[in-house]
Amino acid sequence: MFKVLLVDDERMILDGISSIVEWHKLETELIGKAMNGLEALELMDKNTPDIVITDITMPGLDGIGLVAKAKEKYPNVKWIFLSGYSEFDYAQQAMRYGVKHYLLKPCNEEQISEAILEVIKEIKKEQAAEEYIHLIEEKATKSTMLQFENMLKQYFMYQNLSKDTVQAMKEMTKQNYRNSFAFLLFTVEEEKEFNKINEFSLLIEKSLKEFHPLTVVIENHIVGFARYSDELIEQSRLFHKAHNKTLSFSIVLSEQKRDGEERLSLHQLLDQLFYQSKQSFLPPTEWVEFQTSSSNMLPVEEIVIHLKKRQSIEALNCVKKVCHQMAENTVTPKLAKGYLIQLFLLLMSKFPHREVEDRLQVVSQMEQFIHIESFVIYFEQLFDRLIHHGKEERKLSPVVQDMLDYIEEEFGNPDLSLQWLASNRLFMNADYLGKIFKKEMGQRFSTFVTNYRIDKAVEIAEKEQDIKVFELAERIGFGNNPQYFSQLFKRIKGFTPSQIIQPN
């Protein structure tokens with residue numbers, strides 16, 4: 001409904017017009033009546049009309065004075081003047097203020113209604129034009145924002161950037177931060193819908209607004225820039241403390257940067273979280289430098305034995321040990337993930353009859369793990385599934401269980417073999433033992449013993465760095481043949497024993 005105000009110093013005309021016009025049929029509402037221009041201004045201050053129908057000649061403040069004063073404050077109000085033939089000069093003055101509609105007194109309902117409808121048509125046309133302009137401006141703004149957002153995504157995700165992108169980022173950091181900024185990363189560590197991540201992003205920008213953050217949402221990560229200062233670090237710490245009870249997320253802040261070309265990618269920022277626990281706050285003083293080499297060996301056979309014996313805790317401890325060693329050596333997350341994915345695939349190859357995992361899907365999932373603890377959690381669940389799945393199959397026979405126990409006890413015995421075990425411990429036919437072992441364990445007895453001994457060699461060498469190769473060979477059952485031990489070790493592990501004992 002369009003609001004109408006009537007102004008005339010003659011009460012009869014005011015009452016007459018207000019009563020004869022069917023306001024609702026014209027999509028209008030009469031909101032007030034005034035006897036002069038001053039009263040009209042007071043009413044307009046209380047409730048601004050869309051249309052004012054006013055007389056020209058009035059005491060106090062006439063129609064010309066009213067429109068002159070009101071135009072400054074209410075430029076969008078439309079005017080209809082009531083005038084007599086003798087007031088034509090006044091009407092010409094009103095035209096200077098954009099007044100286009102006049103009614104000659106006396107006028108009837110039809111004339112007044114036609115004038116109102118004409119004004120309403122004009123208002124609607126202007127509103128449509130304004131909406132169109134607003135829509136165009138909104139689209140232009142969204143387009144500009146989208147272009148900037150895409151540029152930020154390229155900056156943080158792609159290795160090779162165009163010269164235009166590099167230059168744009170350089171100019172942006174110079175203008176916004178006067179070449180003193182930090183990279184920041186907020187990583188949401190639980191599944192959330194995209195709109196929830198966006199809401200969290202807005203909360204971050206609002207909380208850190210004094211540091212002028214510029215961020216972009218990439219999957220579950222909010223990454224960008226902010227003006228560097230000690231206050232930024234403290235405010236981010238307080239934000240983390242205030243909100244991590246309702247949402248699991250970690251924060252990474254870089255050291256001070258002075259040039260937009262000093263780029264840190266999203267993956268580089270995420271790498272700093274790899275050896276941290278979930279819900280971490282990582283200021284620049286706690287960043288680590290990663291090593292690009294490692295002598296970590298994978299205790300596959302040891303884990304297999306524990307799983308065959310349904311010892312999930314012991315099997316998981318082997319994984320935890322590998323993770324702990326990589327964390328101590330600050331192995332690059334890419335290399336660490338490669339080791340742990342290899343461990344998963346090797347373990348699955350030992351259980352080919354247990355199709356409990358979609359291996360390609362798991363590898364893809366592991367590559368996206370942010371924290372190393374996610375691998376530990378996954379292996380814990382995997383071991384439980386393998387053992388549970390195994391319960392549905394025939395359990396290890398008592399004789400194979402005994403064979404595994406003797407391997408653990410006698411791996412340092414150079415005489416350990418299938419024949420020796422059959423003759424000296426189990427007192428059974430060696431051929432029968434070999435067949436049942438291969439059937440239940442999936443590999444020959446001699447192969448299993450060799451792999452187990454090599455895994456034990458790795459374990460001993462990592463604990464006793466001063467041990468000699470010949471001593472190590474003797475400890476794990478290779479007797480006086482360290483050369484054969486070294487050749488076999490390298491063939492299985494890809495390294496020589498001396499590279500573990502004396503890493504370069």
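The values are calculated or read from the model by the stated rules, or taken from the named source; none is laboratory data. None of the values given here were measured: they were computed from a predicted structure. Reconstructed Cβ throughout: ideal geometry from the backbone, glycine too, with neighbour counts over all protein chains shown.
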Kindly check whether there is at least one residue in the stretch 22-32 that is surrounded by 17 or more Cβ atoms within 10 Å (Cβ to Cβ) and more than 14 Å from residue 113 (Cα to Cα). yes
Out of all the residues in the stretch 465-485, is one or more at pLDDT below 80, assigned to a loop (DSSP other than H, G, I, E, B) and either in contact with a strand residue (DSSP E or B) (Cβ under 7 Å, 6 or more places away or on another chain) or farther than 23 Å from residue 407 by Cα (or both)? yes
Cβ contacts < 9 Å: first residue touching a residue at least 60 places away in the same chain (Cβ under 8 Å) and under 15 Å from residue 332 (Cα atoms), restricted to the stretch 364-381; second residue in a helix (DSSP H, G or I) and small (Gly, Ala, Ser), any location; separation 6+ or different chain. Result? 372/327; 372/336
Within the stretch 73-97, restricting attention to residues that are at pLDDT 85 or above and either out of contact with any Leu (no Cβ under 8 Å at 6 or more places or on another chain) or not assigned by TED's automatic domain parsing to the domain that holds residue 49 (or both), which residue is nearest to residue 121 (Cα to Cα)? 78
Name the one entry in 346, 335 that is within 19 Å of residue 366 (Cβ to Cβ), surrounded by fewer than 20 Cβ atoms within 10 Å (Cβ to Cβ), in contact (Cβ under 8 Å) with a residue 24 or more places away in the chain and over 31 Å from the mean Cα position of the chain (by Cα). 346
Subset of the stretch 392-404 that is more than 18 Å from residue 347 (Cβ to Cβ), charged (D, E, K, R) and at pLDDT below 90 - its residue that is surrounded by the most Cβ atoms within 10 Å (Cβ to Cβ): 395
Would a scan of the stretch 78-85 turn up a residue that is under 58 Å from the mean Cα position of the chain (by Cα), of a type in the set (D, E, K, R) and buried (at least 19 other Cβ atoms within 10 Å of the Cβ)? yes
Counted residues, the stretch 462-485 - those being within 26 Å of residue 291 (Cα to Cα) and of a type in the set (S, T, N, Q): 1
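Residues in the stretch 330-339: is at least one among the polar types (S, T, N, Q), modelled with pLDDT under 90, assigned to a loop (DSSP other than H, G, I, E, B) and closer than 21 Å to residue 500 by Cα?
The initial filter retains those residues of the stretch 330-339 that are among the polar types (S, T, N, Q), namely 330, 332.
Adding the requirement that they be modelled with pLDDT under 90 leaves none.
No, because not a single residue in the stretch 330-339 is among the polar types (S, T, N, Q), modelled with pLDDT under 90, assigned to a loop (DSSP other than H, G, I, E, B) and closer than 21 Å to residue 500 by Cα.
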Can you find, within the stretch 266-304, the residue that is nearest to the chain's Cα centre (by Cα) among those that are in a loop (DSSP other than H, G, I, E, B) and modelled with pLDDT under 90? 292
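Can you pull out the residues in the stretch 204-244 that are more than 24 Å from residue 170 (Cα to Cα) and within 18 Å of the chain's Cα centre (by Cα)?
Listed by number, the residues that qualify are 206, 207, 219, 220, 236, 239, 240, 243, 244.
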Positions within the stretch 227-251 being under 19 Å from residue 188 (Cα atoms), of a type outside the set (Lys, Arg) and in contact (Cβ under 8 Å) with a residue 40 or more places away in the chain, in sequence order: 233, 236, 240, 243, 247, 248, 249, 250, 251
Just give me the residues in the stretch 449-480 being of a type in the set (Phe, Trp, Tyr) and touching a Leu at 6+ places or on another chain (Cβ under 9 Å), in sequence order. 478
Positions within the stretch 1-36 being in contact with a helix residue (DSSP H, G or I) (Cβ under 8 Å, 6 or more places away or on another chain) and among the hydroxyl-bearing types (Ser, Thr, Tyr), in sequence order: 28
Of (1) modelled with pLDDT of 90 or more; (2) crowded, with 16+ Cβ neighbours inside 10 Å; (3) within 20 Å of residue 150 (Cβ to Cβ), residue 172 satisfies all except one. Which? (1)
Quick check on residue 180: is it modelled with pLDDT of 90 or more and either in contact with an Asp or Glu (Cβ under 8 Å, 6 or more places away or on another chain) or outside the structural domain of residue 324 (by TED's automatic domain parsing) (or both)? no
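Test residue 14 against the stated conditions and say whether it is surrounded by 13 or more Cβ atoms within 10 Å (Cβ to Cβ), within 60 Å of the chain's Cα centre (by Cα) and without any contact (Cβ under 8 Å) to a residue 24 or more places away in the chain. Don't jump to the end; show me each part of the working.
On the way: surrounded by 13 or more Cβ atoms within 10 Å (Cβ to Cβ): yes; within 60 Å of the chain's Cα centre (by Cα): no; without any contact (Cβ under 8 Å) to a residue 24 or more places away in the chain: yes.
In short, no.
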Could you tell me which residue of the stretch 305-329 is surrounded by the fewest Cβ atoms within 10 Å (Cβ to Cβ), considering only residues that are of a type in the set (S, T, N, Q) and either in a helix (DSSP H, G or I) or touching a helix residue (DSSP H, G or I) at 6+ places or on another chain (Cβ under 6 Å) (or both)? 317
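Residues are listed down the side, and each one gets a yes or a no for (1) among the acidic types (Asp, Glu); (2) surrounded by 17 or more Cβ atoms within 10 Å (Cβ to Cβ); (3) touching an Asp or Glu at 6+ places or on another chain (Cβ under 6 Å):
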| position | (1), (2), (3) |
| --- | --- |
| 191 | yes, no, no |
| 197 | no, yes, no |
| 273 | no, yes, no |
| 288 | no, no, no |
If we keep just the residues of the stretch 139-169 that are assigned to a helix (DSSP H, G or I) and among the small types (Gly, Ala, Ser), which is modelled with the highest pLDDT? 168
